[in-house]
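Have a look at the structure below, then the notes.
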Amino acid sequence: FIATRFASEMEVGSGAAMQYAIVFLQLPYGIFSASIITVLYPRLSKQVGSDLRREAAGTVEYGLSSLLTFLLPAAMGLMMLGPELVSTALQRGELTAADSLLTAQVLFWYSPGLIFMGINNFLQRLCYSDGDLKLPIYNALIITVVDIGLSLWLKETALRVRGLALANSLSYVVAGIWLLIKSRQRFPQIRFRPIFVDLIKILLSLLPAVGIILAGRWLFGDYWVDGSSLIGLMKFLAVSLPAIASIFLMFLLFRLRGIYLLLKKK
């Protein structure tokens, strides 16, 4: 609400660009983060309620790895394919290529925060499972204070509305790291090494997809400038679908734990 208020005082189109960017951001967040939490929260609550701390820590490790498995590729895709995605979905009528580009740029700075939004949401459920209602409130206050503080500064820089998106991402990063530290203090059984190993595997898995996206950009050029069309949609799918397929195959190759949530094998 506050960010939208700030954006309304900026250049024409800033508010709309922010609102459109949030819609695109919420799509992978709602699909992946909500799904993972829905599956793991009952298990986590049962383990903590039964004082199975080691098992609960294992579920936390599995949940964090799963969030990284799905949200990191989603963030990468939004950052690299932002103009193509926004233009294909929205650019028609009075929405111009400049509007699509601004929305994609705002989305670019929102996207890194997507990962930590998921981490914050999941670790808050860990607090609820352990009967702690204060820590999630402190977590929300950190997000709010850091977000508003950075927004007041970054909105006056050359970033303008993009700075509001960056402020939001940084607020979730700060709060997410703080909540990770607090969760580890409460559950010292949580091991970060397996999560870090999975992170390395995920980053390696994204390399072929990055190559496909760059090759598609070289092959098709800035087709998104022409706006939404059937040809534009076909070009977008010709790049995005092989990129997604390559990520999935690499996940299977590396036997990432999070992929088994999708395959329903664990």
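The values are calculated or read from the model by the stated rules, or taken from the named source; none is laboratory data. Just so it is clear, the model here is predicted, and its values are computed rather than measured. Neighbour counts are summed over all protein chains in view; Cβ atoms, including those assigned to glycine, are modelled from backbone coordinates with ideal geometry. Just the protein is used for accessible areas: all its heavy atoms, side chains included, with ligands, DNA and RNA removed. Shrake-Rupley method; radii C 1.70, N 1.55, O 1.52, S 1.80 Å.
Quick check, is LEU219 open to solvent by 40 Å² or more (accessible area, probe 1.4 Å), in a helix (DSSP H, G or I), without any contact (Cβ under 8 Å) to a residue 40 or more places away in the chain and under 17 Å from MET76 (Cα atoms)? No.
Residue-by-condition table, conditions (1) in contact with a helix residue (DSSP H, G or I) (Cβ under 8 Å, 6 or more places away or on another chain); (2) part of a helix (DSSP H, G or I); (3) within 18 Å of MET117 (Cβ to Cβ):
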| site | (1), (2), (3) |
| --- | --- |
| ASN168 | yes, yes, yes |
| LEU179 | yes, yes, yes |
| GLN185 | no, yes, no |
| ILE190 | yes, no, no |
| PRO194 | yes, yes, no |
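Please verify whether segment 179-195 includes one or more residues that are of a type outside the set (S, T, N, Q), at pLDDT 95 or above and farther than 20 Å from TYR62 by Cβ. The answer is no, given that none of the residues of segment 179-195 is of a type outside the set (S, T, N, Q), at pLDDT 95 or above and farther than 20 Å from TYR62 by Cβ. Exactly one residue among VAL48, VAL23 is part of a helix (DSSP H, G or I) and either in contact with a Pro (Cβ under 7 Å, 6 or more places away or on another chain) or open to solvent by 30 Å² or more (accessible area, probe 1.4 Å) (or both), and that residue is VAL23. Of all residues in segment 57-91, exactly one satisfies the criterion of being modelled with pLDDT under 95 and not in a helix (DSSP H, G or I), namely GLN91.
Of the residues that make up segment 65-78, is at least one over 18 Å from TYR260 (Cα atoms), in contact with a Phe, Trp or Tyr (Cβ under 8 Å, 6 or more places away or on another chain) and crowded, with 22+ Cβ neighbours inside 10 Å? For segment 65-78, residues over 18 Å from TYR260 (Cα atoms), in contact with a Phe, Trp or Tyr (Cβ under 8 Å, 6 or more places away or on another chain) and crowded, with 22+ Cβ neighbours inside 10 Å: present.
Summed over segment 28-39, residues that are crowded, with 17+ Cβ neighbours inside 10 Å and free of Cβ contacts under 8 Å to residues at least 60 places away in the same chain total 0. Every condition in (1) modelled with pLDDT of 95 or more; (2) in contact with a Leu (Cβ under 7 Å, 6 or more places away or on another chain); (3) open to solvent by 40 Å² or more (accessible area, probe 1.4 Å) is met by LEU107 except one, and the failing one is (3).
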